[in-house]
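**Student:** Please find one structure pasted underneath; my questions will follow.
The values are calculated or read from the model by the stated rules, or taken from the named source; none is laboratory data. Worth saying up front: this structure is predicted, and the values here are computed from it rather than measured. Positions of Cβ are backbone-derived with ideal geometry, glycine not excepted, and every protein chain shown enters the neighbour counts. The protein model used for the area step is the full one, side chains on, heavy atoms only, and it has no ligands, DNA or RNA in it. Shrake-Rupley method; radii C 1.70, N 1.55, O 1.52, S 1.80 Å.
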Amino acid sequence: MIKRMMKVSIILLAILMLIPIMVSAEEIPSFNDVSDTYWANDAINSLVQLGVINGFEDNTFKPQSSVTREQFAQLITLSFYLDIPTHDTPAFRDVSKTRWSYPAIEAAQDFLTGYYPPNGAAFFDPTGKATREDVAVALVKTLGYQPDDLQDEYILDSFYDSDDISPNIRTYLALAIEKKLLAGYEDRTIKPNNPVTRAEAASLLYRVMKGASSDSQNSLTLNVDAPETTSTSTFYISGDVTKGAQVFINNQEVEVVQGTFRVATLLEEEGTYTYTISARMPGGKARIVTKEVKFEKGAPELTVKGIPEVSDKQMITVTWTVKDDNDDYPVIYINDEQIEFYSYVTIKLEEGDNVVKVRAENKFGKSTEVIKHVLFQTGGPILTVDDIPQTTDKEMLTIGWTVQDKNDNEPKVYVNNELISYQTSTTVKLIEGSNTIVVKAVNKLGKSTLISKEITFISEGPVLTVSPIPTQTTKKSVVISWSVSDKNDKFPIVYINGNTEYNNNPTVYLNKGENTILIKATNHLGQVVEKTFNIIFEPTAPILTLGYAPLTTQSSSINLTWTVSDENDPFTKVYVNDQIFYGSTVVNLTPGVNTFKIVASNMYGKSSEVTYTVTYTTNP
């Protein structure tokens, strides 16, 4: 509310101090000293209608009068709706809080050149004349351009008086020239120290406001990466942002280096934490991203040793090691009985299959359990099972065995409880992950021998290869080339953006701006491999070429011709002075200077413009 009232105060002060006449927003005054053909007439009228600038009581505008530094600060603040700071200490020693321009100078201090002597407080010189280099710095900073945005570092060398530019602001003046915020003179000078007139100030601000309006359609980008869950007390929030933007996490500004940031965050208690990440550009543009991070402390890491698959000894010694980042002393349970102060225990086995369950539990109630089977046998068939690998990437496994028994010529063999008759091998279908294969031989006396084998089936899943996809294109479609293979599935299914694709060279049509292309391959095991590509489709403007058109003529009409082409839109529209035409057109002229604006606009809103001026002179 305070900022809003101070903005209103600024507007009233501007009307009283800069331009002492009130003008209705619905009326555009006609100034005695600004003709309809005056070079800055459109800019002056537009800014007057917006309430940024006005004329004087004698119905004049005084376009050639100089603008002071404090008046230009006021114009910048009004034009770009800058927020008024609420701090108590003035930024400049020669601008007191009672001065009419104080709010505007404080609001625009980051965009205006101040003076900072080696010793002492900074001063502003509010009544001094605003120079062309002052204006250049203000416009560049207000629009958020950064020094590394400069493409041509030698652009100032084309001006004879470039040495007159203040050394510390040469980059800003170069940016102003490169971004067409400021232009040189016909004599190839820049005149950096020349005072800016009211007409020049109106023209520059009008041009920049229009450019800023166009730029505002481009979104401020903010990409944030943070884990949804974490089991450790420290995690990172990172991301990238439009160059020149400030980034805040929960209202605390963080360091941004070349458009990227990475911040370590420390957690203490388990729970869900909310983080608000905001990006702000000079002039007020902002974007907010909210992330939630759930902190759950992990379970202990438990390793158990000393438990054989088969034993002919009744007593076995079980050992273990345990590690936990959140608890130095997890509790150990063997078959649900708590073990105190030991890292081993001796277990007495029963005849047959024994289950040994080892569990480690930390003080947060998180636990890890390892279950082992031990076959204690005193006799029975002699069973030998062929070696199998510890891991495999194939779904089907062939396992073989041999069995002998002194009391039974044909012991029964079971593989995973399935009776296998008259065979010495069988094929087992594995599941993804760890598989236990139990081969058991039972003789007619009821004595059995059991051998357990562990094998981990890790399917690599589909192997998806995608040809390179550009990150940026000016064309409205892109061809995706891919190939896919899988050891366990001859026909993996491929999807592009959710659509099943049988053609490995499909064409994908793009939307203007950023497009995400998700290519996914899945096999019959449900395994999925995905590849995501981001491609920006930025259509170009039509190519508009004006046919022959004279600069002067004694004819009352001329034939305007043009050619236009566009790689994405075969039906580009052409407007002459905002009226659409198809092909050439004949235009009537009035005596004197006639200006025609020819605009070609495509379906994506991109346009090219040519301004043609012809002077019609009648015969004496």
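**Student:** Relative contact order for the chain: what is it in percent, counting Cα pairs under 8 Å that are at least 6 residues apart? It would help to have the intermediate numbers written out before the result.
**Tutor:** Working: 1224 pairs, mean separation 37.8, N = 620.
Relative contact order here is 6 percent.
**Student:** If the only charges are +1 at each Lys and Arg Cβ and -1 at each Asp and Glu Cβ, what is the size of the charge dipole of the chain around the Cα centre, to the nearest 20 debye?
**Tutor:** Details: 54 positive and 76 negative charges, 155 e Å.
Here the chain has a charge dipole of around 740 debye.
**Student:** I'd like the carbon and sulfur percentage of the solvent accessible area for the stretch 308-422, probe radius 1.4 Å, heavy atoms only, ligands and nucleic acids excluded.
**Tutor:** Values: 3430 of 7590 Å².
So the carbon and sulfur contribution to the accessible surface is 45 percent.
**Student:** Another question, if that's okay. Heavy-atom accessible area per residue, the stretch 510-617, 1.4 Å probe: how many Å²?
**Tutor:** Details: 6010 Å² over 108 residues.
So the stretch 510-617 comes to 56 Å² accessible per residue, rounded to a whole number.
**Student:** Taking the Cα atoms only, what angle lies between the long axis of helix 132-142 and the longest principal axis of the chain, rounded to 10 degrees?
**Tutor:** Tilt relative to the chain: about 30 degrees.
**Student:** Calculate the FRET efficiency for THR127 and THR189 from the Cβ-Cβ distance with a Förster distance of 35 Å, rounded to the nearest 0.05. Walk me through the numbers on the way to the answer.
**Tutor:** On the way: r = 27 Å, r/R0 = 0.76.
Here the calculated transfer efficiency is 0.85.
**Student:** Expressed as a rounded percentage, what relative contact order does the stretch 456-603 have, with Cα pairs under 8 Å and six or more residues apart? Write down the numbers at each step before the final one.
**Tutor:** Values: 280 pairs, mean separation 29.4, N = 148.
After rounding, I find 20 percent.
**Student:** Same structure, new question: Rounded to the nearest 500, what is the chain's calculated 222 nm mean residue ellipticity when only DSSP H runs of at least 4 contribute -39500 (n - 2.57) each, over all residues?
**Tutor:** Details: 7 runs with 78 residues, N = 620.
Helices in the chain give a 222 nm mean residue ellipticity of -4000 deg cm²/dmol.
**Student:** Further question: Hey, what angle do you get for helix 41-50 against the long axis of the chain, alpha-carbon based, 0 to 90 degrees rounded to 10?
**Tutor:** Approximately 60 degrees, to the nearest ten.
**Student:** Once you've got the Cα coordinates, tell me which of LYS129/LYS179; LYS305/LYS348; LYS323/LYS531 are over 28 Å apart. It would help to have the intermediate numbers written out before the result.
**Tutor:** Working: LYS129/LYS179 24 Å; LYS305/LYS348 16 Å; LYS323/LYS531 36 Å.
Correct reply: LYS323/LYS531.
**Student:** Distance from the Cα centre of the stretch 511-525 to that of the stretch 67-117, in angstrom?
**Tutor:** That distance is 51 Å.
**Student:** Using a Förster distance of 41 Å, how high is the FRET efficiency between THR611 and SER238, based on the Cβ-Cβ distance and rounded to 0.05? Don't jump to the answer; show the numbers that get you there.
**Tutor:** Working: r = 47 Å, r/R0 = 1.15.
After rounding to 0.05, the efficiency reads 0.30.
**Student:** For the stretch 422-508, please report how many Lys pairs fall under 30 Å Cα to Cα, leaving out neighbours fewer than 8 apart on the same chain.
**Tutor:** Close lysine pairs found across the stretch 422-508: 10.
**Student:** Moving to a separate point now. Only bridges with both residues in the chain count here: give the DSSP antiparallel percent, nearest 5. Mind showing how you got there, number by number?
**Tutor:** Numbers: 134 of 144 bridges.
In the chain, approximately 95 percent of DSSP beta bridges are antiparallel ones.
**Student:** How do TYR604, TYR116 rank by accessible surface area computed with a 1.4 Å probe, from largest to smallest?
**Tutor:** Ranking TYR604, TYR116 by accessible area, largest first, yields TYR116, TYR604.
**Student:** Relative to the longest principal axis of the chain, what angle (0 to 90°, nearest 10) does the C-alpha long axis of helix 198-215 take?
**Tutor:** Long axis of 198-215 versus the principal axis of the chain: about 20 degrees.
**Student:** May I pose another question? So if we plug the beta-carbon distance of ASN409 and HIS373 into 1/(1 + (r/R0)^6) with R0 = 45 Å, what FRET efficiency do we get, rounded to 0.05? List each step's numbers first, then the result.
**Tutor:** Details: r = 28 Å, r/R0 = 0.63.
Once rounded, the FRET efficiency stands at 0.95.
**Student:** Now a separate question. For the stretch 410-557, what is the percent of antiparallel DSSP beta bridges, rounded to the nearest 5? If you can, show how the numbers build up before the last one.
**Tutor:** On the way: 40 of 42 bridges.
In the stretch 410-557, approximately 95 percent of DSSP beta bridges are antiparallel ones.
**Student:** Right, another one. Mind ranking 170-180, 292-302 by how tightly packed they are, going by the mean number of other C-beta atoms within 10 angstrom, highest first?
**Tutor:** Values: 170-180: 20.3, 292-302: 16.5.
Final packing ranking: 170-180, 292-302.
**Student:** Next question, about the same structure. Which of the lysines could a cross-linker span from LYS243 if the Cα-Cα distance has to be under 16 Å and same-chain partners fewer than 8 positions apart are dropped?
**Tutor:** Cα-Cα hits under 16 Å: LYS141, LYS285.
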